[in-house]
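The values are calculated or read from the model by the stated rules, or taken from the named source; none is laboratory data. Everything quoted here is computed from the prediction, not taken from an experiment. Glycine gets a Cβ as well: all are built from the backbone with ideal geometry, and neighbour counts include every protein chain shown. The area values use the complete protein model at the heavy-atom level, side chains included, leaving out ligands, DNA and RNA. Shrake-Rupley method; radii C 1.70, N 1.55, O 1.52, S 1.80 Å.
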Amino acid sequence: MSDMDVEMTEAKDLAAVSDDDQPANDDVKMVDTSSDTEAPNQEIVDFEKLHALLGPIKSAGDLIQGKHVMLLIGLTGAGKTTTTLYLAGATFEEEDVDGYSHYKPKELPNPDLLQFAVSGGATSVTKSIHATTIELEGEDGAKQPITICDTPGFGDTKGPEMEIANNLGIIHALKRAASIKVVVVLDHRTMDGARWQPLRQNLSTVVAMMGRDKPIDFSTFGYVFTRCEGRSKKRIHKQLAGFQKTLRKDPAGILGGNVGDKDILDAMLTDMISKTQPGDAICIDPEESDDAADTLKSLWSGGRLENPAEAFVNFCSKQSMAALMLQFKATVDTLENSLRDVDLKTAEVFLHQMTRMAEALSLSAVDEAVEQGTQRVKSFVEQLQSEIESLTQQMAAQGIPLAEFERVARAIPPKLTLMQQTRELCNVSGLAFDCNSILAPTLDKLFSIARNPIKEIRANPTDVIPNQDVLQGAILRLSCLVANFHGLAGRERIQNECSTLTESVSDMIKPVLTLATSALVEEPPTSDALNGSIDELVFLLGMKEFLDANKTSFLDQEETTPIRWLSAGLDDLSESLSKQSVDCVSQLSQVHSALQELLQDTDSWSCASLLVLKEAAEYCESRAFLLALSSSSRVSTMVPEDDDEPKHDAKHVVKRFDEKVIKYLSKVAEFVQCGSKQLIDDNAKDAATRLKEAKELVVFAATVGNSCEKLAELDASLIREVEKELFGAQKELKLFIEESKKSPGHGIRRPKLLEPTSQELARATSAMAKKGLKSWYEKCKDLRAYKIKHGHCNVPTKHPRLGIWVQQQRVEKKKYERGLKTSMTDEKLEHLSALEFKWQVKADHGDAWNCQFEALKKFKEEHGHCRVPWKTPKLGKWVSDQRSQYRAMCAGRSEWNGGRPITMKNEQVAKLKAIGALDGVA
């Protein structure tokens, strides 16, 4: 049986016989060596007191460890201490104490013997195991060290602490010896009292110490009798033999209910009888100290227990064991309460008490109690670890709001700090737990939460700008971690994390700044460049504003902080934009002033004086730049306000410019129209002058028209109206110039005005009818311009503006001739005829052929071949005609189908072959 085992079997007390001779309780599992007395009330053990008592026992255990030991066992007052001193060579003197004869040590040969005390009565003075080493001289003269152990009187203890210390502590100490010689010390005068109760009690102690699992080898025992005077020594053998005879004859009369212990008592008596033959019994007489050496040799002779660790078992009384376990339960409860209250210091104290007791006592029941305490600590640590992991997972959740992130971040450090504080508690409990195994991975994961989102962004403006929130979120999260974990992570770790994130953020921002600088600083900024850089500028300004915030102040500690170089880069951009803005405002303001001056004196206008907008493209660029600058309220703040001159509002400048230009262009259109009409109607001027002025006016109108195209963004609808008026005037002037060429040398004929007459307007009774009439005359003007340019009015159908309208006029004429409802009138017929409009135009053979070819292609897509049946007469006949013409061409003829000329062209043959329409034709 090992050190950690406890004798839990039913060890019945051989000596537990009451005055009424009744048997003891058979259900007691823990040995009760004081069963003759009332069981004490339930009490608990004082661990500090117990530990103090175990101290000397441990010292004795250290002394006997690995030594050959003589162990004296006996009841209180049996004379164990006197025997120890006697065997060690002490001399005694007799004295009377309370009527008892008492031998007091007179001379001690060994200073270690001072720890031994001798009582003068029936009360044990020895309260703990004591040990002293003496040398035994052998037959050959060699000296062998022997350690004699004096144990307290079992059953005469002062409280459960002393009993536990003596019973359990002594056994724990004895197990460490190399060998043990058990010597039972009996007071001869009292040993046969109450049916040999002292002997039975000693046997009960032996059984408790050595257990019942295997037979006890009594041959290794020795026996010492004290207070044995005169002839009493010779009677010991007969007394023991007589008791054995009585035991064998009436075991129940001797043992009562413990009759089952007859054999073990009989075995002990047999051994005692064999060793107490007349003259062999060992009796101690303190007055005969010269015989001590021989007595020691006699006792040491014979066998010994060579394996004490297996020979002895732990034992304790039921009452003391209950008190001990009650204290352990209370301690476990206190430990659990301390952990619940997060009072780790108190928990450590109680756990240390428990583990210290477990080491000293080596009881499985005690070890189980300590294991319960250890499990409480383990559960506390595991729960704490689980909470930390759960909070860490919350922080890693995608899309977690910053406020929630900060709340959780504040909750983790106290728990990690608490985890660090459990280190000593875990050491005491023997848990193989390293706090750093939790702290380091937790910090790694937390910092990666802030760092990892940036790793997924490629360092180019296209990816960086849309992820501005990701960058800012990473910085805010790291700032939060720095604020909450600086004490746990350490200065070096924090600096490394901040430097790493700062470098990553810089790598993201720099390409954006480089792109904006290249577009707006290295070259004079244009409106296109500014419009293309708005996103970059908004991003850079947003990051600058963000980085200036207090929450990211840790970035200021970095030498390469983006706050510094980003500020410098934005200053360069602001300077470049400000300079260009001032130039644009100045230019538009100058144009505005010039137009204002012209509009105040329209009577003095001339074509030469009205070319203020000839640089319209340049003005539009300035205008576009200012609009781009004002398109973003954040970007517009990059142009600083001048303290000397009020800041020009870009939108206001552009608005003034637009209003003045629109007003000016409207007046210019009126000027051109009036000038055109006056020029055409003024027959007083000579033809050459009129022609020259007409050409100048056309050029001027065209120039203004070009400006209108470039200024179309100002107000598209109004600009279109101006362009329309200018275009109409140009058409009239070009017609006037064309007509003048037809009658050289004669007066210039004024072309008939293409405007609805008053009669026509009167017939148009509705607004829609009037609008349609004016639209017709506009189209007729366009047709006249077409004729001037091309020399005819045969407008192709595909012409975007006139193609359909021209065809419609032919249709309306036919309706007019048939007397059907139509929009055609005599006036319209007269105008069209004046333009030599052809009412009948021969169809374009090529267009007709292409229409049929497209129809054939569609047929093949639907049917997979070009064999068009005759039930599709138009397409079927056309395909047949193409085959016939191709056949005639292959035969070298120029005619087909009875003399009809072949009209098929080579490119048409190629198209037909490409789709397989001529397959099989030869």
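With bins 5 Å wide beginning at 0, the percent of Cα pairs of segment 851-922 falling in each bin runs 3, 17, 29, 25, 17, 7, 2, 0. Cross-link list Lys181/Lys214; Lys667/Lys781; Lys175/Lys245; Lys815/Lys857; Lys175/Lys329: which exceed 25 angstrom alpha carbon to alpha carbon? Violating the 25 Å Cα-Cα cut-off are Lys175/Lys245; Lys815/Lys857; Lys175/Lys329. On the chain, 49 percent of the accessible area sits on carbon and sulfur atoms, based on a 1.4 Å probe.
Each residue was assigned an accessible area with a 1.4 Å probe, and for Glu696 the value is about 90 Å². What separates the Cα centres of segment 781-845 and segment 242-320 is a distance of 150 Å. Sorting 44-57, 473-486, 286-299 by average packing, meaning the other beta carbons within 10 Å per residue, from highest down gives 473-486, 44-57, 286-299.
Annotation for Lys724 and His865: the two label points, set 7 Å from Cα along the Cα-Cβ direction, are 5.8 nm apart. Pairwise Cα distances in segment 390-482 exceed 17 Å in 56 percent of cases. Expressed in units of 2.2 N^0.38 Å, where N is the residue count, the Cα radius of gyration of segment 327-407 is 1.52.
Ordered by 1.4 Å accessible area with all protein chains kept, His172, His792 run largest first as His792, His172. What relative contact order, as a whole-number percentage, does the chain give when Cα pairs under 8 Å and 6 or more residues apart are counted? That works out to 8 percent. Tyr223: accessible area at probe 1.4 Å, nearest 10 Å²? So the heavy atoms of Tyr223 present about 10 Å² to solvent.
Tally Lys/Arg at +1 and Asp/Glu at -1 over every other residue whose Cβ is under 10 Å from the Cβ of Thr825; what's the total? Once all neighbours under 10 Å are counted, the net charge is -3. Per residue, the chain reaches -20000 deg cm²/dmol at 222 nm when only DSSP H runs of four or more residues are counted, each adding -39500 (n - 2.57).
Distance between the 7 Å Cα→Cβ label points at Glu778 and Asp583: 4.1 nm. Here Asn460 and Ser666 are evaluated by their C-beta separation; at R0 = 51 Å the FRET efficiency comes out at 0.55. What residue among Ala785, Ile180, Phe312 has its Cα farthest toward the positive end of the dipole of the chain, where the charges are +1 on Lys, Arg and -1 on Asp, Glu, each on the Cβ? Of the listed residues, the answer is Ala785.
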